1. Kindly indicate whether Leu104 is under 23 Å from Lys357 (Cβ atoms), under 32 Å from the mean Cα position of the chain (by Cα) and either crowded, with 20+ Cβ neighbours inside 10 Å or not assigned by the TED database to the domain that holds Ala378 (or both).
2. Any residue in the range 1-24 that's not assigned by the TED database to the domain that holds Phe36 and hydroxyl-bearing (Ser, Thr, Tyr): show its pairings with residues that are surrounded by 10 or more Cβ atoms within 10 Å (Cβ to Cβ) and outside any loop (DSSP other than H, G, I, E, B) at Cβ separation under 8 Å, as long as the two are six or more apart or on different chains.
3. Can you report the number of residues in the range 307-320 which are open to solvent by 10 Å² or more (accessible area, probe 1.4 Å), not in a loop (DSSP other than H, G, I, E, B) and not hydroxyl-bearing (Ser, Thr, Tyr)?
4. Are any residues in the range 266-280 open to solvent by 20 Å² or more (accessible area, probe 1.4 Å) and more than 16 Å from Arg309 (Cα to Cα), and if so, which ones?
5. Of the numbered conditions (1) in a helix (DSSP H, G or I); (2) open to solvent by less than 40 Å² (accessible area, probe 1.4 Å); (3) not polar (S, T, N, Q), Leu16 fails exactly one; give the number of that condition.
6. Pairs under 8 Å by beta carbon, first residue within 11 Å of Val629 (Cβ to Cβ) in the range 558-572, partner assigned to a helix (DSSP H, G or I) and among the basic types (Lys, Arg), six or more apart or different chains?
7. So, restricting to strands (runs of 3 or more DSSP E) that lie completely within the range 401-512, which ones have at least 1 residues that are surrounded by 17 or more Cβ atoms within 10 Å (Cβ to Cβ)?
8. How do the pairs read when you match residues in the range 325-336 that are under 30 Å from Val156 (Cβ atoms) with residues anywhere that are modelled with pLDDT of 90 or more and not charged (D, E, K, R), using Cβ under 6 Å and keeping only pairs 6 or more apart or on different chains?
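The values are calculated or read from the model by the stated rules, or taken from the named source; none is laboratory data. Predicted model, so just to flag it, every value in this text is computed and none were measured. No Cβ is skipped: glycine too gets one built from the backbone with ideal geometry, and neighbour counts run over all protein chains shown. Accessible surface areas use protein heavy atoms only, side chains included; no ligands, DNA or RNA. Shrake-Rupley method; radii C 1.70, N 1.55, O 1.52, S 1.80 Å.
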Amino acid sequence: SLSKLQLKTGDLDPRLFSRLRHLQKLDLSDNLLDKFPNSLTLPDLRVLNCNNNKLEDVTALKQFPLLEELTYENNVYLTLNDDYKVMFLLQNLRLLNGKDITKLANHVRRVNSRKLTSKVTAHWEKFFRDQLPEKYTAEQVKSIKKKFLKSVQTNVVYGPSSLSEFTRWRVKMIAEEFLACSLGLELNSDTEPEEKMDENEEESTESPREAAEDVAQVGDFSSYISNVTVTPSKRKRNNSKSSPGNKRSKSQANTEEEAEDVSAEPLHFLQCHSKGNSREDFKTQLWSCVFEPVLDSGARKDPIVNSSRTVATCGGESVCLIDCETGTVLKKYKVATEEFFSVAWTTLTMVISDSRKKAHNILAAAGRRGIVKLIHVAADFCYGEIKAHKKPIATVCFSPTQETHLFTASYDKRIALWDIGIPDCDYNFKASQLLVLETASIPLRIALVPTCPEQYLLAGCEDGCFAWNIKLDKGQKSRPFEAIFQFPDDESMTTSHRVDGLAFLNDDVVVSKSSKPGCIYLWSWSRSFDAKGKGCQQTMSAVILAELEWSTTDMSYLTLSTCPAKEYVFCGDEKGSVWMYNLSSYTTAWGSAKGKRSERRISPTQILKWPELRVNGEQPPEILVNNVVADPAFTYLVVLTSVNITAIWKKS
C-alpha cells in the first residue's frame, strides 16, 4: 500500500518497481499521479487501485497484462472513452471500478473490433487501394499511409458520440495494423486474430441513401420539427463530359468524375432558435455556425483529425450546441434582449482550482447589442462579457496563432482586436483592446491571411474589399486600411461593391462574393497584394483566377464558406439550395507562378436542393440560406436559413 503519500509520477522509480516481480496487489490511491511511467513492469500484478489521483491517460496500463481488478474513480480527467480503452487493452480484466465488465469487455474486444476492422478495410478498398501503383516506392507508401490514417480516423464512425475518441483511437490502431499487413511493413502487434462473424451480427448492407429514405418514410424528422414531412431531393450537375474547349488530362477527368457525386443526404431539420420556444416561429434568422475544436490529449494540430461533430449555431436570442450525428441540442444559451449574429471558438489553457493547467474550449458570441459573451461550454457557464462596440457586431473571429486574440467587426465601421485574457480559477479575467482598424463602410466578413495571420487581415465590407496591416509591433493603435482591391465590373474595374462573402480556400486563394449577381470570384492574395507598396490606402487589382457560376439573385448577405482540407467552396441561395464546388482539380494550376485565369465560369459540382419540407401540412415561406458550413473533414454540412430551420446534411 502506497496510498496517501502525495506521490507524483516521478516518484514511481522504474528501477525499483521492476524488481517487484511477484507483486500482485498495489494501492496507489489518494496521490497526485497524472500518468503511469511506461516501464514499471510488475509482470504479476492482478489488482490495482488508483482512486483519487489526477490521471489523464490509461494506455500505459497495458504493461500489466494479468490485471484482473482495476479502480480509478475520482480521476476527473478520465472519461467513458478511457474505460473502453482499458477494456480493450487488458484482456484479463474482470472488475472495473467495482463493476463486472466481462460481457461488455468481450463485446469491445470482439464485436466492436470486428465492425471497425470491416469499416476500415472497406474505406481502403473504396478510396485508397487504386491510388497505390503495382510497384511502389517507400516514399509512396509513406504518403498514402499518412493520407489513409487521416481519412479513416475522420470518416469511420461507429457507436455513440460519447465514444468518438475511443473509436478514433481504435480505428487508427486497426488501420496501422491493416497497412502493415497489406503493404508488408513491420508490425509489432499482440492483438488476437479476428473471429468468424456470427450470422446474427452481420453488417447492414443497405446504402446510406436507402437508409436516409427509410428515415424520411418513418417520419423520424418530426421529432425535431412538429408535424413535418420530408422528401429528400437533389439535383446533380454532370460535368464529367469534357467540352471541346476544356482540355484535361485523363487523370484529371477521372478525379473530377469521381468527385461529382457527393451523395449528401438530409439528416436532421431543427427548429432550436425559436423566440420563447414557440413552434410557430418561422421568422427568426439564423446567421453563424462553427464546429467545435476537439480537445485531445495528443498534440494533434491536424485540422481534419481535430474536427468534431459538435457545432455552435446562433440566431435570434440564442446560441445552441448541436451534435450533428444525432441531431441532439446539447446546450442552449439565451439572452432575451439580444440578437446573435456571430460565434467563434478558441481553446484556452486555463488553471483550474488545484493549480493544474488544462485546455478548455471557449465560445465567443456577439450580435446586435455590441457585446461579446464569453462562454466556458464544458462548465455551462457564461463567465464574462466585453462591451466591444456601441453598435451591432456583424462578425467575430479568433486568431489561429494567438488564442486570446479576438477580432470584432462592427456597424460602427471599426474592426477591433481584443486580448480576452485567460480566466483564473474564479473566472476573473482582464480584457484589453489592442488595435482599432478604421473601415470606410460597415465590415461584413473578416479573414486572417493564412500565411501571415499576425500581419494581415482582409475584410469584405458594404463598399468593397480591404486589407489592413495588423502587426502589433507598429506603434499606432488606430489604423486606416492599407489596400482596397478592385474587381472586374462589366467592361472596367471597380472598387465599389458590397462584399458579403469572404474566405480562404487555401494559403493563397481567396474566395469572395460581391453584389454582382451570379458571380463568386477566386483570386490570388500574393499576386494581388503588393507588400512593398508605399503608404496606405492604395488601390490594388485583384488577380482573378476563376469565377464560380452561382445564382443570379441580387439578394445580399447569403454568405459563402470553404473547406480547405477538401478544397471545397459552399454557398447557399435564395431558394434553400446549397451550391457546392470541388476545386481540387484546379488548385495546383492556380498555385504555379504562371497560373492563368480559367477562361470559363466553373459550374457547381453539385447543387443540394432544399427537400420538400412540410410544416403542419404547408411548405415554409421563402427559404434563404444565410450560411452553410462543413466540418473540416466534410462529413457534415450545416445549413442555416432565414426561417429558423437548421438543416444538417451528412456526406455518405
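1. Numbers: under 23 Å from Lys357 (Cβ atoms): no; under 32 Å from the mean Cα position of the chain (by Cα): yes; either crowded, with 20+ Cβ neighbours inside 10 Å or not assigned by the TED database to the domain that holds Ala378 (or both): yes.
Judged against the criteria, Leu104 is not a match.
2. Ser1/Asp27; Ser3/Asp27; Ser3/Asn49
3. Matching residues across the range 307-320 total 1.
4. From the range 266-280, those open to solvent by 20 Å² or more (accessible area, probe 1.4 Å) are 267, 271, 275-280; that's our starting set.
Correct list: Gln271, Lys275, Gly276, Asn277, Ser278, Arg279, Glu280.
5. (2)
6. From residues that are within 11 Å of Val629 (Cβ to Cβ), there are no pairs.
7. Numbers: elements: 405-410, 414-419, 432-438, 443-448, 456-461, 464-469, 483-489, 492-494, 499-504.
Here the list reads 405-410, 414-419, 432-438, 443-448, 456-461, 464-469, 483-489, 499-504.
8. As it stands, the answer is Gly327/His268; Val329/Cys272; Val329/Cys320; Val329/Ile322; Leu330/Leu321; Lys331/Leu321, since those pairs meet every condition given.
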